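Data first, discussion second: the structure below is written as structure tokens.
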Amino acid sequence: MSSTTAGLLQIGVLLVALALVHRPFGDYMARVYSSPQHTRVERVIYRMTRVDPDSEQRWSTYAYGVLGFSFVGIVFLYVLQRFQSLLPFDFDRGDVGPGMAFNTAVSFVTNTNWQSYVPETVMGHTVQLVGLTVQNFVSAAVGMAVAIALVRGFVRSRTDRLGNFWVDLVRGVVRILLPVAFVFAIVLVACGVVMSFKAGVDVDGNTVATAPVASQEAIKELGTNGGGVLNANSAHPFENPNGWSNLVEIFLILVIPVSLTRTFGTLVGERKQGYVLLSVMGALWGAMLAVIWAAEAHGLRPLEGKEVRFGIPSSALFANATTGTSTGAVNSMHDSFTGLGGGGALLNMLFGEMTPGGVGTGLYSILVMAVIAMFLAGLMVGRTPEYLGKKLGRREVTAAAVSILAMPTVLLIGAGIAAILPGTQGALNNPGAHGLSEILYAYASASNNNGSAFAGITVTSDWFQASLGVCMALGRFVPIVAVLCLAGSLAAQRKVPVTAGTLPTTGPLFASLLAGAIVLVAALTFVPALALGPIAEALL
Amino acid sequence: MLRQVAAGLRVLLVLTVLTGILYPLAVWGVSRLPGLHANAEAVDTTLVAVDREGDQWFHTRPSAATLPASGGSNKGERNADYDTVVAERRATIAHREGVPEAQVPQDAVTASASGLDPHISTAYALLQAPRVARENGLTEDRVRELITEHTDRRAAGLLGEPGVNVTALNRALKAAP
């Protein structure tokens with residue numbers, strides 16, 4: 001069988017698996033977030049943490065919950081790294097320095113999982129498990145909670161209550177992420193992924209580092225986190241040993257973002273509303289996959305930075321899945337991709353991570369973009385726009401615009417300053433246009449909470465550690481607060497009845513409008529920067 | 001706000017116990033089962049390869065890793081300095097195997113993503129076969145048999161790409177009669 005045929009069949013298997021799973025799983029998630037019942041485990045957790053699970057919160061309290069929880073998460077993870085030498089299983093890797101510890105703490109709490117450190121020589125097993133694995137779970141659950149709060153904004157009317165953040169957080173972890181991650185961690189061990197508390201294994205007289213990989217690997221993909229337990233991430237045979245594990249990991253990356261569109265459709269009471277979002281996500285995702293695959297198949301050095309067992313199709317598929325979601329795990333080194341292939345991965349992030357986006361973040365980002373698209377449509381016909389029975393007035397559109405513009409703002413300011421700083425030249429691993437792409441990719445990855453890298457760039461200077469950390473934080477929390485504000489004002493409204501003047505949001509017209517808005521916003525914002533980086537490189 | 005921070009700390013600590021201690025321990029516990037233990041501890045693993053010096057061995061792909069860590073070169077395809085490195089590798093390999101440079105396959109001159117890629121292409125394995133046979137006092141046919149035996153096919157016939165596992169092949173070579 002030719003490589004292309006096998007690659008196409010693999011995509012077919014992946015899509016069939018997602019098609020089979022997204023309905024029951026999406027409906028299950030809808031029940032998780034709307035059920036009035038608490039499980040026994042959850043009740044114990046609420047009692048221990050003195051949280052009243054039956055009280056509901058205003059949007060501002062919900063937002064304070066997200067911010068407060070994330071803040072203590074950053075502090076806890078920072079302290080854990082700074083005192084690593086006191087912890088067991090540290091293998092004398094020492095305390096992590098302040099710049100790196102700050103960057104890493106922000107990175108994992110914001111679901112970015114950008115890594116300025118080399119895990120094998122910097123992180124011991126205790127920080128990996130008690131610090132990083134935990135944030136892999138909870139940062140994902142925070143994203144889903146915010147998405148669900150926004151959906152409630154559309155569903156509810158004339159209320160100032162959006163749900164309870166602590167309940168949404170705990171349910172996301174206990175009922176969704178934990179059971180699925182546990183099952184797939186075992187599946188991954190069966191595929192050959194390691195799960196060892198030793199520091200390393202002997203391979204023909206050389207020591208190769210090991211770690212308790214499988215438990216983190218499963219949630220790393222499922223929660224669209226992406227931080228490798230080992231430096232080479234999912235290209236490392238201990239994280240991703242073969243074609244089976246590779247397919248499982250790609251499936252895990254996509255399963256929640258895809259299924260959440262079903263959850264959305266179910267919760268708003270009209271499943272088509274979810275499918276139209278999924279169709280837009282799927283169309284852009286498929287188009288970008290074709291671009292990356294074709295570009296990599298025609299590269300000058302197609303196997304540089306790729307593993308033989310994955311070759312071109314499985315590397316392109318993984319790259320598209322990881323950058324179309326906000327995962328950032330890699331099974332090949334994107335820095336060695338062609339101008340167009342690497343540019344495709346970059347563009348996936350610049351779309352704002354909604355094709356299909358990260359867990360929760362993808363859904364709320366595309367809903368915000370739907371608000372923008374309806375606003376644009378409303379301008380064209382001179383009507384106050386509506387979406388899902390809610391009027392989109394000044395407050396709603398402002399919140400949506402703030403949410404959309406946060407990422408490009410911090411990205412371009414950060415990358416712009418980095419490009420003119422004298423020290424940056426020495427941090428690059430490649431000359432010319434590709435060097436600029438390395439800078440752009442770094443800030444795109446941080447600002448979109450993706451976490452993948454053109455990894456040749458050395459980001460251990462104070463400037464990079466600090467500025468990328470700030471980009472990750474602002475790229476995460478500004479949109480979250482704006483989205484919750486949007487949810488609050490939507491929930492306060494009464495539903496407006498559907499009239500002959502209402503633009504239906506289940507058909508191809510709306511889908512084209514939404515896809516157009518996504519592409520247009522990205523194009524208008526980033527074409528000049530892209531022209532100097534990947535486009536220039538592709539045309540050379 | 002302060003109340004939410006305090007609640008956040010309590011929830012974080014409880015979830016840390018659940019997802020940072022109990023969960024990995026549960027996975028670790030299951031990984032002790034007889035069928036899974038060897039995978040989990042990477043016992044005699046052939047998942048990774050580190051190049052062995054000496055003409056009697058099959059060579060791996062070039063590696064940019066600094067052991068015990070892993071990693072790739074991250075060199076872009078328009079990097080002229082790296083073109084020189086690749087050209088040197090090609091010349092060295094052509095000389096070592098006594099073939100024209102055009103016969104040296106791509107995977108032989110490019111660094112893998114992990115720096116620990118256990119596989120090489122069948123073409124690169126066959127290119128090395130005459131030398132390895134000579135140095136080990138084996139027939140070329142026997143060495144080619146070993147290559148076939150240690151070729152990993154696509155999983156389920158369609159996932160990933162085939163490749164020859166160098167670590168397994170070299171170990172088999174050592175034991176071969």
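The values are calculated or read from the model by the stated rules, or taken from the named source; none is laboratory data. On a predicted model such as this, the values are computed, not experimentally measured, just so you know. Virtual Cβ from ideal backbone geometry, glycine too; neighbours counted across all protein chains shown.
Points to keep in mind about this one:
- In segment A:201-230, the qualifying residues are those that are touching a strand residue (DSSP E or B) at 6+ places or on another chain (Cβ under 7 Å) and either within 17 Å of A:A455 (Cα to Cα) or in contact (Cβ under 8 Å) with a residue 60 or more places away in the chain (or both), and the one that is nearest to the other protein chains (Cβ to nearest Cβ) is A:A209.
- Candidates B:G8, B:G35, filtered to the one that is of a type in the set (G, A, S) and either at the interface with chain A (Cβ under 7 Å from one of its Cβ atoms) or surrounded by 19 or more Cβ atoms within 10 Å (Cβ to Cβ) (or both): B:G8
- Close pairs from segment A:244-270: first in contact (Cβ under 8 Å) with a residue 40 or more places away in the chain, partner assigned to a loop (DSSP other than H, G, I, E, B) and surrounded by fewer than 24 Cβ atoms within 10 Å (Cβ to Cβ), Cβ under 8 Å, at least 6 apart: A:W244/B:A156; A:S245/A:G192; A:V268/A:L388; A:E270/A:T506
- Which listed residue is surrounded by fewer than 24 Cβ atoms within 10 Å (Cβ to Cβ) and within 14 Å of chain B (Cβ to nearest Cβ), from A:V138, A:V32, A:V118: A:V118
- Neighbours by Cβ (under 6 Å, 6+ apart or cross-chain): first from segment A:308-322, under 21 Å from A:M281 (Cβ atoms); second acidic (D, E) and part of a helix (DSSP H, G or I): A:A316/A:E296
- Residues in segment A:288-319 that are part of a helix (DSSP H, G or I) and on the phi < 0 side of the Ramachandran plot: 18 in all.
- Looking only at segment A:231-277, and only at residues there that are more than 14 Å from chain B (Cβ to nearest Cβ) and closer than 24 Å to A:P119 by Cβ, the one that is surrounded by the most Cβ atoms within 10 Å (Cβ to Cβ): A:I253
- Qualifying residue in segment A:492-514 (condition: under 30 Å from A:T338 (Cα atoms) and surrounded by 13 or more Cβ atoms within 10 Å (Cβ to Cβ)): yes
- Number of residues in segment B:131-177 that are over 18 Å from B:P118 (Cα atoms) and within 14 Å of chain A (Cβ to nearest Cβ): the value is 4.
- Flag for B:R90 being more than 8 Å from chain A (Cβ to nearest Cβ) and over 30 Å from A:I11 (Cα atoms): yes
- Verdict on A:A17 being at pLDDT 95 or above and in contact with a Cys (Cβ under 8 Å, 6 or more places away or on another chain): no
- Residues located in segment B:91-117, provided they are crowded, with 24+ Cβ neighbours inside 10 Å, free of Cβ contacts under 8 Å to residues at least 60 places away in the same chain and among the acidic types (D, E): B:D107
- Selected residue [touching a residue at least 24 places away in the same chain (Cβ under 8 Å) and within 30 Å of A:F318 (Cβ to Cβ)] from A:G12, A:G7, A:G65: A:G7
- Failed condition for A:Y441, given (1) modelled with pLDDT of 95 or more; (2) of a type outside the set (V, I, T); (3) out of contact with any Leu (no Cβ under 6 Å at 6 or more places or on another chain): (3)
- Members of segment B:39-56 found to be touching a Lys or Arg at 6+ places or on another chain (Cβ under 8 Å) and within 7 Å of chain A (Cβ to nearest Cβ), listed by number: B:A40, B:E41
- The single condition among (1) surrounded by fewer than 20 Cβ atoms within 10 Å (Cβ to Cβ); (2) assigned by TED's automatic domain parsing to the domain that holds B:L127 that B:T66 does not satisfy is (2).
- Residues satisfying the stated conditions in segment A:132-160, i.e. over 20 Å from A:V170 (Cβ atoms) and not aliphatic (A, V, I, L, M): A:G153, A:F154, A:R156, A:S157, A:R158, A:T159, A:D160
- Breaking point among (1) part of a helix (DSSP H, G or I); (2) small (G, A, S); (3) more than 9 Å from chain A (Cβ to nearest Cβ); (4) in contact with a Gly (Cβ under 8 Å, 6 or more places away or on another chain), for B:S63: (1)
- Which numbered condition A:A214 misses (of (1) crowded, with 22+ Cβ neighbours inside 10 Å; (2) closer than 19 Å to A:H334 by Cβ; (3) not hydroxyl-bearing (S, T, Y)): (2)
- If you filter segment A:320-363 down to residues that are of a type in the set (A, V, I, L, M, F, W, C) and part of a helix (DSSP H, G or I), you find that the one that is nearest to the other protein chains (Cβ to nearest Cβ) is A:L340.
- Selection from segment A:490-540 of residues that are under 30 Å from A:L412 (Cα atoms) and either over 29 Å from the mean Cα position of the chain (by Cα) or not hydrophobic (A, V, I, L, M, F, W, C) (or both): A:S512, A:G516, A:T525, A:P528, A:G533, A:P534, A:E537, A:L539, A:L540
- Unique match (being farther than 30 Å from A:T338 by Cβ, in contact (Cβ under 8 Å) with a residue 24 or more places away in the chain, surrounded by 24 or more Cβ atoms within 10 Å (Cβ to Cβ) and of a type outside the set (S, T, N, Q)) among A:A444, A:A400: A:A400
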